[in-house]
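Presented below is the structure to which this report refers.
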Amino acid sequence: MQSPEDDIDEAAWCTDRRREVAHYVAAEGLPLARVEAEPSWFVAPYISVWSVEDAMKLGFPGAWVVCGDLPTDYVAASAATNARDAIRVLARRWFDVAGHMARGEAHPEFSIGPPEEWPMLAPLLRSRAELLEACADDAELWPEV
């Protein structure tokens with residue numbers, strides 16, 4: 001049986017994710033400048049983490065953006081010093097938001113989908129949070145850290 005990563009062109013996949021990140025940053029109106037040319041970390045075709053330059057302090061990271069087979073989201077660089085920290089922060093955030101959604105409660109800071117979709121979205125978000133947490137905890141995925 002073939003897995004999804006068997007036929008993946010990693011360079012093309014990363015190029016597509018970089019475009020998605022740039023579009024996300026623009027659509028969200030984030031005060032960020034340039035998306036790095038290569039992801040800081042990735043496992044194609046599932047997840048990529050990108051450093052995005054701070055528009056007010058050129059040459060410095062302003063945020064980490066996660067993109068792939070999960071919701072595109074970001075963490076300010078002040079909250080995470082590297083890609084691994086960023087996915088840990090996002091996992092905690094997503095667990096929290098999924099818990100609110102599962103209880104039918106609006107999260108005070110984040111909103112994902114309309115309330116009528118929360119019963120369906122909460123377990124999906126929780127599963128992606130579990131994926132992020134597992135990636136952050138897997139030392140073999142982070143040889144340089």
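The values are calculated or read from the model by the stated rules, or taken from the named source; none is laboratory data. Because the structure is predicted, anything quoted here is derived from the model rather than measured. Quick reminder, even Gly has a Cβ in these numbers, built from the backbone with ideal geometry, and neighbours come from all protein chains shown.
Just name the residue that is farthest from Leu132 (Cα to Cα) out of those in region 95-118 that are among the small types (Gly, Ala, Ser) and surrounded by 15 or more Cβ atoms within 10 Å (Cβ to Cβ).
Filtering region 95-118 for residues among the small types (Gly, Ala, Ser) gives 98-99, 102, 104, 106, 111, 113.
Then keep just the ones that are surrounded by 15 or more Cβ atoms within 10 Å (Cβ to Cβ); that gives 98-99, 102.
Numbers: Ala98: 14, Gly99: 16, Ala102: 19 Å.
Top of the filtered list is Ala102.
Only residues that are within 17 Å of Ala134 (Cβ to Cβ) and in a helix (DSSP H, G or I): list them for region 70-94, please.
Ala83, Arg84, Asp85, Ala86, Ile87, Arg88, Val89, Leu90, Ala91, Arg92, Arg93, Trp94, listed by residue number.
Please find, within region 71-85, the residue that is surrounded by the most Cβ atoms within 10 Å (Cβ to Cβ) out of those that are under 20 Å from Ala27 (Cβ atoms) and not acidic (Asp, Glu).
From region 71-85, those under 20 Å from Ala27 (Cβ atoms) are 71-77; that's our starting set.
Those still in the list that are not acidic (Asp, Glu) too: 71-72, 74-77.
Values: Pro71: 16, Thr72: 18, Tyr74: 25, Val75: 20, Ala76: 15, Ala77: 21.
Going through the qualifying residues, I end up with Tyr74.
In the list Val21, Val25, Val43, which residue meets the criterion of being out of contact with any Ser or Thr (no Cβ under 6 Å at 6 or more places or on another chain) and modelled with pLDDT of 95 or more?
Numbers: Val25 fails: modelled with pLDDT of 95 or more; Val43 fails: modelled with pLDDT of 95 or more.
Criteria check complete, one pass: Val21.
What about Thr72, is it polar (S, T, N, Q) and in contact (Cβ under 8 Å) with a residue 12 or more places away in the chain?
Numbers: polar (S, T, N, Q): yes; in contact (Cβ under 8 Å) with a residue 12 or more places away in the chain: yes.
Yes: the conditions hold for Thr72.
Taking Ala91 as the residue in question, decide whether it is within 25 Å of Ala12 (Cβ to Cβ), in contact with a Leu (Cβ under 9 Å, 6 or more places away or on another chain) and of a type in the set (Gly, Ala, Ser). Walk me through how you get there before you give the answer.
Working: within 25 Å of Ala12 (Cβ to Cβ): no; in contact with a Leu (Cβ under 9 Å, 6 or more places away or on another chain): yes; of a type in the set (Gly, Ala, Ser): yes.
It is false that Ala91 is within 25 Å of Ala12 (Cβ to Cβ), in contact with a Leu (Cβ under 9 Å, 6 or more places away or on another chain) and of a type in the set (Gly, Ala, Ser).
So, restricting to strands (runs of 3 or more DSSP E) that lie completely within region 23-65, which ones have at least 2 residues that are crowded, with 22+ Cβ neighbours inside 10 Å and either among the β-branched types (Val, Ile, Thr) or free of Cβ contacts under 8 Å to residues at least 24 places away in the same chain (or both)?
Numbers: elements: 32-35, 41-43, 47-54.
So the answer is 47-54.
For (1) within 10 Å of the chain's Cα centre (by Cα); (2) farther than 15 Å from Tyr24 by Cβ; (3) not basic (Lys, Arg), each residue gets a yes or a no:
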site: Ala37; (1), (2), (3): no, yes, yes
site: Phe60; (1), (2), (3): no, yes, yes
site: Ala91; (1), (2), (3): yes, yes, yes
site: Ala102; (1), (2), (3): no, yes, yes
site: Ala106; (1), (2), (3): no, yes, yes
site: Glu117; (1), (2), (3): no, yes, yes
site: Arg126; (1), (2), (3): no, yes, no
site: Ala134; (1), (2), (3): no, yes, yes
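Looking only at residues that are under 14 Å from Phe42 (Cα atoms) and among the acidic types (Asp, Glu) in region 125-145, which one is modelled with the lowest pLDDT?
My answer is Glu144.
Surrounded by 14 or more Cβ atoms within 10 Å (Cβ to Cβ) and of a type in the set (D, E, K, R), is that true of Arg88? Even if it seems obvious, please write down each step before you answer.
Values: surrounded by 14 or more Cβ atoms within 10 Å (Cβ to Cβ): yes; of a type in the set (D, E, K, R): yes.
It is true that Arg88 is surrounded by 14 or more Cβ atoms within 10 Å (Cβ to Cβ) and of a type in the set (D, E, K, R).
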